Structure formats: C-alpha cells, structure tokens
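One structure below.
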Amino acid sequence: MKSIALMLLGLMAIIKVFDPKTLFEQKTKINFTVQEKSFIPYLEKQGLKFPVIVAAQVFHETDQLRSPIYNSCNNLFGMKFNDRGYATGVCRGHAEYASKKASLLDYKAWQEEYLPYYEKKVLRKSCMTEEEYYKYLLWIGYAEDEKYIGKIKVWVSIIHELFPSTNPPL
C-alpha cells in the first residue's frame, strides 16, 4: 500500500507541480527518473482499463497529490461514498478508504459496474480507444466540470510524452 503512494509521489516528481492557470499551455519536456515508470504497469496489473487515463484522473482529482481528500481520506478519484464495499466511511464529503489501493479497487469496481452497460447499450461494442473512454466519462457524468475531459487529455498528453511506451497503437 505504501508502494502505491511512493509510485504516485515519484510520478509527481516527474510531472512537477503546474500552475493551474498555465496547465493547458505547459507541454514542455519534463525531467523524470526511471523509478516512476512502474505506476502505469501497476494500474494495468490491477486490471484497470485505460490506465493512462486513470493515472491522469488521479493527478487531476488529487490536485497533483496535494488535496486534503487524497491526503486525509486516501481518495484518489474524488469518489463519493458508495455501496461497492471499499469505502470505510465519509471524509470531507467524499468516500474514505483504509488505503490508496482500496480507492483504486473501488474505481476498478466502478468501471466493472458501469462500463459494460455503456458498451452494450450505447457504444454497441467494446470500448477500445481513449476517445471512446472519454465519451464514456462524459456519458456517465463522471465530473461536474464541463472542461474535465480537456484537462484529463492534457495530463494524458504529458504522460504519453514522458513515457512513449504508453502511447496507443496507431
């Protein structure tokens, strides 16, 4: 469980802290270390779909691992309390988790609960591309911010630039 936090902190050292006013303008090369390459594969190993987008959501939702909801509640996604069994209570109006891994597992359970319905009834095929997953996040109403997908795309772009192996196949 500490390993998740260390991977996240290490990846944040890669991405550095951005001024929110210039987030969309910053696409410069960023120095990074080898150690942090393990976070995306960890998400894949946990069975999360679209791990690069999930990582981008973590950095956005936690204000780059600085938010009180992340630090006090182990909540990586801003999830509200739900009945999926991973949250231990309510903290600052959001779900509280015993560990950051529990928060990841709750997100995975959320994907497993809602994505198949979207694939069957709306998309009418398996969700295979990042663009299709962005449409799913919009369809499900994942975020209140109407610019959410654009912000996540910036994070994804930065991750792809830092780790070319995470780029989707052409």
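Show me 114-122, 62-70 ranked by packing, highest mean number of other Cβ atoms within 10 Å first.
By packing density, highest mean first, the sequence is 62-70, 114-122.
Sort the following peptides by mean Cβ neighbour count (other Cβ atoms within 10 Å, averaged over residues), highest first: 72-83, 156-167.
Highest mean packing first, the order is 72-83, 156-167.
Checking the a/c ratio against 1.5 first, then a/b against b/c, what shape does the Cα gyration tensor give for the range 119-170?
Oblate, because a/c is 1.5 or more while a/b does not exceed b/c.
Quick one: grab the alpha carbon gyration tensor of the range 49-170, order the square roots of its eigenvalues as a ≥ b ≥ c, and give me rounded if a/c is under 1.5, else prolate or oblate depending on whether a/b is larger than b/c. Let's see the in-between values first.
Details: a/c = 1.88, a/b = 1.27, b/c = 1.48.
Verdict is oblate for the range 49-170.
For the range 61-170, give the magnitude of the charge dipole about the Cα centre (Cβ charges: +1 Lys/Arg, -1 Asp/Glu; no others), in debye to the nearest 20.
Numbers: 15 positive and 15 negative charges, 27 e Å.
The calculated dipole for the range 61-170 is roughly 120 debye.
Each reported figure results from applying straightforward, stated rules to the coordinates on display, with no laboratory input. Since this is a predicted model, take the numbers as computed values, not measurements. In this analysis, Cβ positions are derived from the backbone assuming ideal geometry, glycine residues included, and neighbour counts consider all displayed protein chains.
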